[in-house]
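Some notes on the structure that comes next.
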Amino acid sequence: MPLAPRTDFPLLSSSTVRGHQLAYLDSAATSQKPQVVLDAINDYYSTSNANVHRGAHFLGDKSTQAWHQARQTIAQFLGATPQELVITRNTTEALNLAARAVASSIQPGDRIITTLLEHHSNFVPWQRLARERQAELVVVKVDKQGQLDWDQLNEVLASSTPVRVVALSHISNTLGSVFPLSQVVEAVRHHHKNAVIVVDGAQAAVHMDVKFDQLGVDAYALSAHKMLGPMGIGALLVRRSLLETWEPVLVGGGMIDEVTLEKTTYATNLEERFTAGTPDVASLVGWAAACEYLDQWSWSQHLAHDRELVDRTLEIAKKFPELEIIGPTDPDLPRIGSVAFVHPKIHAHDIGQVLDSVGVAVRSGHHCTMPLHNEFGWPASVRASFQCYTDLSELDALAEGLRKVAAVFGNL
Ligand SMILES: Cc1ncc(COP(=O)(O)O)c(C=O)c1O
């Protein structure tokens, strides 16, 4: 049984692919949306559409109220305050914003630490920043189970060279592994109290209880579309005392205090200072509806459902002896949200194509983690990923599809 009723998701309950019931196992790329999210967006445009903060009229007030209410709901869901919520288009933009905001604090020779398994969105901005500021980008290795090389990390942290930024993901989108954030935070703070710790939470925010105020990190990036919300909206949560020191990257309408020909002063209210231009209120409202929808179940229910899907997929993959499962297989290591595998002779795209022919949607490719794939010599991998609406019957379809792959290409 899925955790969330399939009938709540119009696309899932109605779609067939080439005569087969759709098995949607690509939720790590983007999640499907429940009707309540679609309704919230539609209702906003049907009943409340007006620009925020600008017009002193009834609809303007209604829209502004919807904007504030949605910010409040999303911030609370994530254990942050609305003042700490900087709205972006997605995780990628949030991480670029973080990199731009800290740029001026980086001196030649300083260190920026990231890891080998990062999504390109949490790698390229730091790589570019390091080049621009003549800083050193240190990439901490991980093993095939996604576990950090603590010897390397500790060695880098213990050196006297200043570490300005530590950027790492919460859950790996390729391996499904989970970084122990509290241990990382403790190690970083022990040596470099003022390093800015930035977390890519794109895969975590929908699977686990992310409470920003309890993580001890400085910034946390996420996308609404991976957590049942709409595309085109996301956020960077930033610790308030840090955000107060950041220069806004976008400047213009809506974020100012006073503009004269000589100079501009910015709004002191952080919610305004970091909202330049007309915000996407409808998407924000849709995202808030998604948070409320997810909140129907406890996080232990979400995790237990995910664990069942992960275990079943591991079982299925193990039946095909030549498939190499990548990411944690040791039952003591957490694996959340996905299972990926590679085959020594059959390219991931070929596997994906055969699966698609029987209605099974998986992701094949490098999943925007080329450095990780290159390190272990995987040209590409196949990833099945899950959500609260994923049903065990979809995994039966995956098993059936893999048997078809075996029949087409010879033994798997
Ligand atoms: C771990 C991780 N980080 C960043 C991103 C980028 O997210 P977006 O495309 O929404 O910016 C993704 C998307 O797959 C991801 O899985």
Fill in the blank from the handout: With a 1.4 angstrom probe the carbon and sulfur portion of accessible area for the chain, in percent, totals 51
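Using the beta-carbon distance between residue 134 and residue 7 and R0 = 51 Å, what value does 1/(1 + (r/R0)^6) give for FRET efficiency, to the nearest 0.05? Walk me through the numbers before you get to the answer.
Numbers: r = 56 Å, r/R0 = 1.10.
Once the sixth-power term is evaluated, E becomes 0.35.
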Practice task
Report the accessible area of residue 316, computed with a 1.4 Å probe over the heavy atoms of all protein chains in place, in Å² rounded to the nearest 10.
Solution key: 10
Handout entry: Modelled label reach - residue 299, point 7 Å along Cα→Cβ, the range 66-108 residues with backbone N closer than 12 Å
Key = 77-80
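Filter the trypsin sites (Lys or Arg not before Pro) in the range 252-360 to those in DSSP coil with at most 15 other Cβ atoms within 10 Å of their Cβ, and list the result. Each step should come with its number before you reach the end.
Details: sites: 263, 273, 307, 312, 318, 319, 335, 345; in loops: 263, 319, 345.
The qualifying sites are 263, 319, 345.
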Practice task
Round to the nearest 10 and report in Å² the accessible area of residue 24, as given by a 1.4 Å probe over the protein chains' heavy atoms.
Solution key: 30
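Apply the Kirkwood formula to the range 1-116: the hydrodynamic radius equals the inverse of the mean of 1/r over all pairs of different alpha-carbon atoms; give it in Å with one decimal.
Working: mean 1/r = 0.0539 Å⁻¹.
Hydrodynamic radius (Kirkwood, Cα pairs) of the range 1-116 is 18.5 Å.
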Completion exercise
Taking 0.36 nm per residue of separation between residue 29 and residue 155 and subtracting their Cα-Cα distance, the length gained on full extension comes to 41.9 nm
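Could you give the dipole magnitude of the range 255-364 about its Cα centre, charging the beta-carbon of Lys and Arg +1 and that of Asp and Glu -1, in debye to the nearest 20? Write down the numbers at each step before the final one.
Numbers: 9 positive and 18 negative charges, 101 e Å.
Value, rounded to 20: 480 debye.
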Handout entry: Distance-filtered residues of the range 352-393 - backbone nitrogen under 19 Å, label point 7 angstrom along residue 324 Cα→Cβ
Key = 352, 364-384
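Please list 186, 394 in order of solvent-accessible area, largest first, computed with a 1.4 Å probe with all protein chains present.
Details: 186 135, 394 5 Å².
Ranking 186, 394 by accessible area, largest first, yields 186, 394.
Arrange the residues 239, 111 by how much accessible surface each exposes, largest first, with a 1.4 angstrom probe. Provide the component values of the computation, followed by the final result.
Details: 239 90, 111 40 Å².
Highest to lowest solvent-accessible surface, that is 239, 111.
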Problem - Lys, Arg +1 and Asp, Glu -1 on Cβ, resulting dipole of the range 314-412 about Cα centre, debye, nearest 20 - result: 180
Handout entry: Estimated FRET transfer efficiency (residue 399, residue 333; beta-carbon r; R0 30 Å; 0.05)
Key = 0.80
Handout entry: Equivalent ellipsoid semi-axes, the range 275-389, via Cα gyration tensor eigenvalues times 5, rooted, Å
Key = 31, 20, 15
Problem - Signed unit charges on C-beta, dipole axis of the chain, positive-most listed residue 162, 99, 380 - result: 380
Problem - Estimated inter-spin distance, residue 191 and residue 264, nm [label 7 Å along Cα→Cβ] - result: 4.0
Practice task
Taking 7 Å along the Cα-to-C-beta vector as the label spot, tell me the residue 38-residue 307 distance in nanometres, rounded to one decimal.
Solution key: 3.4
Completion exercise
Cα-based Rg/(2.2 N^0.38 Å) for the chain, rounded to two decimals, is 1.02
Completion exercise
For the range 302-398, dividing by residue count, accessible area per residue (probe 1.4 Å) in Å² works out to 38
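Sorted by accessible area with a 1.4 angstrom probe, largest first, how do 161, 278 fall?
Details: 161 40, 278 90 Å².
From most exposed to least exposed: 278, 161.
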Problem - Projected-area average for the range 193-296 over all orientations - Cα convex hull basis, square nanometres - result: 7.9
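Which value, in Å², gives the accessible area per residue of the range 85-155 when a 1.4 Å probe is used on the protein heavy atoms? Spell out each step's value before the answer.
Values: 3000 Å² over 71 residues.
For the range 85-155, the solvent-accessible area averages 42 Å² per residue.
The values are calculated or read from the model by the stated rules, or taken from the named source; none is laboratory data. Remember, it's a predicted structure, so these values are computed and weren't measured experimentally. Note: ideal-geometry Cβ built from the backbone for every residue, glycine included; neighbour counts use all protein chains shown. Accessible surface areas use protein heavy atoms only, side chains included; no ligands, DNA or RNA. Shrake-Rupley method; radii C 1.70, N 1.55, O 1.52, S 1.80 Å.
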